[in-house]
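Okay, so here's the structure we're looking at.
Quick note: the coordinates plus some simple rules give every number you see, no bench work behind them. Here the structure is a predicted model, which is why all the values come from computation and not from measurement. Methodologically, a virtual Cβ is constructed for each residue, glycine included, from the backbone with ideal geometry; neighbour enumeration extends over all protein chains shown.
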Amino acid sequence: MDNSFFIRSDQENLKIERFHICSWEFTSSSLVEFGLEIDSSSIVNLKKLSMDLYVPWANKSTYISDYYDKLKNSDNSRFIFNDSVYKTSYLDDGQNRQGVIHEFSGRNKLCLLPVQFDHNYELGKVTLHIDLTEYRKRTDIKANIYVRIGIEPTTESIATRKKGIGKSTIIYDIKMNESRNIPDHLLAEFKKTKSCKLKTCFCFHIVPNSYNITFFESEHLKNVRTLEFKPFKNYLDDKRLKRNELMVVFSKKSGSESYSFFTIFSKERIGASQFAIAILINIICGFLFAFPAIREAFPKSENLSGILKSPPLEFYLAAFLAFGLVFYFFIPPILSAIRRRWIKVKSFFN
């Protein structure tokens, strides 16, 4: 899948201190989070700010949500920003709707704001609208502002998945603001806006811990750890999140005009599926070897249809096992496809 993302604005010299990309890889679905920490010095005197986030796989069935309600909680922000929050103040006298300011122990203050968005699915564009009115009233702070959204793709995964008989592979090729990857149909669109400057880009892949990291850029890999279930369960509030099943792979790059992250995960698949394939092949081969002997046991005048009318009991048993194994392989993918279609229908009507 194409994962060439772009963040642009009509605001001149808009600087993003930190840009977060976080992909969640579940069993048959996925989730992608985008977080933006905007440098306060690049939005002086602004009361409104709009940015265009280009997501090539976004369409009318894609579900997008604002994560402000999650991050205004200091416990959630503590884990997302990896720092303790010792003080929180509110832009709207405690109503907690217009924005909050978290003060961390090891980093500068951060103002978290809600965001509204428009969609242009033909261009794969999500326009973020940020109201800075309440933020501007607090002249005593010069905190950077932060917004975060979650996007649920309609496909099973934004990664490239390859499923072999003995090995499964997940390939992530994430690209951010790479000019050479601008699609032809966006060239005229991009002339109207400017590319936002990203000081640092963070990439998090959260994948099943049954996979191994086959390839990664070692100089940019910062951390690999098991996902803390309880805090992230409180943050994400998603039933797809399971205890002791996911790991976090964190990479970071800085000081570039564009960024790319290429990672490959793989796992060996020696289990029930492989044994089932072996049994199925054995049944088919056994039948092919046995069929000449079965044919010889009948009169030569008997045709094939006559032979099949009175086969031995073992033939029925082998046929039963063969059909059972065929269902074993085909029913789960069919059910998974039906589930994905149902999710699309639900998101469309919501």
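Classification of the stretch 4-268 by its C-alpha gyration tensor yields an oblate form. The axis ratio a/c (a ≥ b ≥ c) is 1.5 or more, and b/c is at least a/b.
Sequence-ordered 3J(HN,Hα) estimates for the stretch 151-160 from the Karplus curve with 6.51, -1.76 and 1.60 and θ = phi - 60° stand at 10, 9, x, 7, 8, 5, 7, 7, 7, 8 Hz, glycine and proline given as x.
Of H20, H102, the sequence from fewest to most neighbouring Cβ atoms within 10 angstrom is H20, H102.
Over the stretch 4-268, Cα pairs under 8 Å with separation of 6+ residues give a relative contact order of 27 percent.
Close amide H pairs (under 5 Å, H built 1.01 Å from N) link G99 with L91, D92, residues at least 5 positions away or on another chain. Please tell me which of these pairs span more than 32 angstrom C-alpha to C-alpha: K233/K267; K47/K199; K60/K142; K109/K197? Checking Cα-Cα distances, K60/K142 exceed 32 Å. Backbone phi angles across the stretch 51-62, fed through the Karplus curve with coefficients 6.51, -1.76 and 1.60 (θ = phi - 60°), yield HN-Hα couplings of 9, 10, 9, 9, 10, x, 9, 6, 9, 5, 9, 6 Hz in residue order; Gly and Pro are listed as x. Backbone phi angles across the stretch 26-36, fed through the Karplus curve with coefficients 6.51, -1.76 and 1.60 (θ = phi - 60°), yield HN-Hα couplings of 9, 4, 9, 7, 8, 8, 10, 10, 10, x, 10 Hz in residue order; Gly and Pro are listed as x.
Taking all Cα pairs closer than 8 Å and separated by 6 or more residues, the relative contact order of the stretch 143-250 comes to 23 percent.
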